[in-house]
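Following: one structure in structure tokens, then a few remarks.
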Amino acid sequence: MRGFRFSDYKPGDAPKGGFEELLKLFSELLNYTAGDAAEALSWLNELDKQYKLTNNDYGIGNFIDDLKDKGYLTEDNQSGAFKITAKTEQTIRKSALDEIFGKLKKSGRGNHNSNRSGIGEEKNADRREYNFGDSLDQIDMTASIQNAQVNHGISDFTLTDRDLEVEEKDFKTLTSTVLMIDISHSMILYGEDRITPAKKVAMALAELIKTKYPKDTLDIVVFGNDAWPISLKDLPYLQVGPYHTNTYAGLELAADLLRRRKTHNKQIFMITDGKPTCLKENGKYYKNSMGLDRKVINKTLNMAAQCKRLKIPITTFMIAKDPYLQQFVRQFTEINGGRAFYSSLNGLGEYIFEDYIKNRRKTVK
């Protein structure tokens, strides 16, 4: 008799120690060790002792050999130091993409239709009669000939402008994005790791653009006492420093990068957990961590207004819920005309993904 046979699930029956399972854990550990392969392997070894991740047939030593053989890891012949490769960096980005955006794909988020149709790039289901001025490549000739046969008969074929049927198309456009990441000391203050989720979001967003929207551009800017751009390959190694928060410098650099882009749609995503506390004037740092310093705040707000004049909206993701910080962000957002989210660490990726898709579907005028 056909059917299903059910039995009690025993965790011990699950396969352990496979290369793919260990690679996922190793990639996750690299996020916390800032790309330090030796430290990540040391942690993996300790986890193996505690949770028995491997078995008698496949140990951590075998895993390390496979990492080298498959091109994930290199070893210095003289010092014996391990270093991850570009292949590992890509694996980390893909892992971040799956972790942060996986649930969104299943729930169908990101399907935002353009609110303008016409001579676009992507066909939709809408159809209509031909109007003077419509492009010829919009005409569905098969449907138009069928309309002519229905309207005028088959024996004496006639095709008029009223028989022509036009396919509507949606506009698609390019977007230039600058992702700003706060690397001030507060990102790891009070025992809470906020830099690792921020890095994951940056890597996931970069992988999304690279694989799905290759014509778009993404620049990554980090800001502490100063601001500087980093490349995609530097993301896994990003660490927090003993810095204050020079938000003004980050916005200034981001706006300068976007000025050089020829795209019509430009935007800034800023991930931060605190207020601006630093400026640089005449080669010297002006710092004040006590409350909201009027001088620092006013200059930062002026920069937000300047971005608005340049038609660069700023979306702020505040990883903090202090009322006085939220008040500053509200004022900052109102002046810029952008958006603000007061996000938990778990929700950070969802907000960025959803807003990024919306901005890509912006109508070109």
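Annotations
- Output for segment 221-236, where each listed residue is open to solvent by 10 Å² or more (accessible area, probe 1.4 Å) and touching a strand residue (DSSP E or B) at 6+ places or on another chain (Cβ under 9 Å): Asn225, Asp226, Ala227, Trp228, Pro229, Ile230, Ser231, Leu232, Asp234
- Residue match in segment 79-89 (condition: in contact (Cβ under 8 Å) with a residue 60 or more places away in the chain, under 27 Å from the mean Cα position of the chain (by Cα), exposed (fewer than 15 other Cβ atoms within 10 Å of the Cβ) and under 30 Å from Tyr351 (Cα atoms)): yes
- Inter-residue pairs, beta-carbon under 9 Å, first over 12 Å from Leu159 (Cβ atoms) and open to solvent by less than 60 Å² (accessible area, probe 1.4 Å) and in segment 128-143, second of a type in the set (Gly, Ala, Ser) and assigned to a strand (DSSP E or B), 6+ apart: Asp134/Gly118; Ser135/Gly118; Gln138/Gly118
- Filtering segment 270-283 for residues that are of a type in the set (Lys, Arg) and in a helix (DSSP H, G or I) leaves an empty set.
- Residue satisfying condition, being of a type in the set (A, V, I, L, M) and modelled with pLDDT of 95 or more, within set Leu257, Leu218, Leu232: Leu257
- Of Phe328, Phe332, Phe353, all but one fail to be modelled with pLDDT under 70, in a helix (DSSP H, G or I) and in the same structural domain as Asp216 (by the TED database); the exception is Phe353.
- For segment 299-324, filtering for residues that are hydrophobic (A, V, I, L, M, F, W, C), assigned to a helix (DSSP H, G or I) and either in contact (Cβ under 8 Å) with a residue 60 or more places away in the chain or exposed (fewer than 15 other Cβ atoms within 10 Å of the Cβ) (or both) leaves 1.
- Qualifying residue in segment 185-192 (condition: within 28 Å of Pro323 (Cβ to Cβ), free of Cβ contacts under 8 Å to residues at least 12 places away in the same chain and assigned to a loop (DSSP other than H, G, I, E, B)): yes
- Residue count for segment 327-339 satisfying the condition of being open to solvent by less than 30 Å² (accessible area, probe 1.4 Å) and in contact with a strand residue (DSSP E or B) (Cβ under 7 Å, 6 or more places away or on another chain): 5.
- Restricting attention to segment 233-265, the residues that are hydroxyl-bearing (Ser, Thr, Tyr), more than 19 Å from Gly338 (Cβ to Cβ) and not in a helix (DSSP H, G or I) add up to 1.
The values are calculated or read from the model by the stated rules, or taken from the named source; none is laboratory data. All values derive from a computational prediction rather than experimental measurement. Every residue, glycine as well, gets a Cβ built from its backbone with ideal geometry; the counts of neighbours run over all protein chains shown. Surface areas here come from the heavy atoms of the whole protein model, side chains and all, with no ligands, DNA or RNA. Shrake-Rupley method; radii C 1.70, N 1.55, O 1.52, S 1.80 Å.
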